[in-house]
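The values are calculated or read from the model by the stated rules, or taken from the named source; none is laboratory data. Computed from a prediction, not measured in an experiment: that's the story for all the values here. Every residue, glycine as well, gets a Cβ built from its backbone with ideal geometry; the counts of neighbours run over all protein chains shown. For accessibility, only protein heavy atoms count, side chains too; no ligands or nucleic acids. Shrake-Rupley method; radii C 1.70, N 1.55, O 1.52, S 1.80 Å.
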Amino acid sequence: MTAPDQPPASLDRQTRDARPTGAGPSTVSFALLAAATALLIAVTVGPRHSVASTLLVVGAAAASGGVAVLEARRPCLGPRPIVAAIGVVLLVAVSVGPRSSNDVWSYTMYGRMVSVHDASPYGHVPADYRSDPFQHLVSPIWQHRGSVYGPAFVAYAAALTFAAGDSRLVDRLLFQLGAALVVAAALALVWRRTRSPAALAWLGLHPVFGAIVVNSGQIDVFIGLAILAAVVLIAERRGAAAGVALAVASLVKITSLLALPAFVLWAWGRGDRRVATRTAVTTIGLVGIVYLPFVTGQSHVLSGADHAVTPGSPWNLPAQLLVGKDAGRDLPGLKPSNTTLDVLFYVSLALVAVLGLTLAWRWARAGRLELAAGAATASYAVAAEYTLPWYAAWALPVVTERRPSPLAWVLWLQAVVLLAAWKLPTHHTGGLADTVLRGTFAYGLPIVLLVAFAAARDRRRAGVAPALARS
């Protein structure tokens, strides 16, 4: 007689082999706890720039990526603990002041120019309002810069600063809560599309997306949500609605227009020429009409911007070899009018345009709408001379799947590298750890990931669109 606590002797070997393999609940739970803990440390007590902060980013990424991989291989936690962990991180990120970026105070001043000073943030700069109680909070490099953001952002910032009045606490809470709500909406849309706890962990526990974006009140997550909404809408053949969503993203940052060719090529290749036309006409029409009164002012702001190379950009190594001084905007002795950096800036823009169009065509041809839109949008974050970690929020929500594609993993890792480089000490410390980490995250990996981004392939094909498949 077979003992009741033993499997039947007749258990078929093939049945045993078919059982799912992978880490158990305790391993995934430990990784989840480690990811949440690392993010909470980073957002509460982690220094803005230090070797320790860079290592903390790497540790948080390893743990959160581990949760996503293990849960995708063998689901054992379910959505509740993952949602709870993300919720705690977001709550703490809102409860403390910005620790990675002072952008929220620039947002505040641009909004107050409209809501308090009845002026245009395209024709004025924060330094013009030295009596304003928020002016001194703006980073020195942005004191003499007008708004580089679009009219939709200006309207949003004006509304929030009008509601906040002169309260510093209420002001930053409104921007942080706004970012947290948009992150929650993006995660809800991802859940609706994937029904995957692993996808939630992959996106929500990413060191940039789950903590930094919310804690800094970054506006970039609005772009990611709008482009993700456009992907959902155009897949439902709602071209005009998708055009509205993409126009909203472009009226926050004009770089969102990089995604438009992906939508048009995908719809056109499927034979939905009416959808492609409606998307393009709606997007361009709305952006043109709304931007028209502000074109002169914003073009002046953009043309006057410095062309510095930011930490984690693939142009760091060429700039270091040609200019020296790390070509970083926070280091002394580097003038914005440096001719070499100006040349690198325009070369990088050309590369962004070529990559965006090429990858939009490649992934649209393969029938992968989300990867076409994500790759086209991410081309700026991956290949531009001036790129920041939170730019990853433009594309990461769009490329999130139950099992991320190689392209999605490249973008995920590139955001980690950008943040790790951003967290490095502003100046060289001369220590071995600083030298190794700087060589890895500021110079080496950005170039490797740029090549991987351009070369990424995926065996899964959602059906080759006939018109685009013809060689």
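What to note about this one:
- Extension gain for Thr339 to Val170 (0.36 nm times residue separation, less C-alpha to C-alpha distance): 56.6 nm.
- If the chain linking Leu321 and Thr296 were pulled fully straight, counting 0.36 nm for each residue of separation and taking away their Cα-Cα distance, it would gain 5.4 nm.
- Each label point was placed 7 Å from the Cα along the Cα-to-Cβ direction; for Thr277 and Phe162 their separation is 3.9 nm.
- Between Leu357 and His427, the simple label model (points 7 Å from Cα in the Cβ direction) yields a spacing of 4.5 nm.
- His427, His117, His307, reordered so the largest accessible area comes first (probe 1.4 Å): His427, His117, His307
- A straight line joining the Cα centroids of the range 229-259 and the range 371-442 runs 24 Å.
- Of Asp220, Asp118, the residue with the largest accessible area leads and the full order is Asp118, Asp220 (1.4 Å probe).
- For a paramagnetic label modelled on Ala235 (point 7 Å from Cα along Cα→Cβ), amide N atoms under 14 Å away belong, within the range 350-369, to 367-369.
- Per residue solvent-accessible surface (Å²) - the chain, probe of 1.4 Å: 42 Å²
- Förster-model FRET efficiency, 41 Å R0, Val448 and Ala52, C-beta, rounded to 0.05: 0.95
- Apportionment of accessible area to carbon and sulfur, the chain, percent (1.4 Å): 65 percent
- Label-point separation in nm, Ile254 to Leu33, each point 7 Å along Cα→Cβ: 5.1 nm
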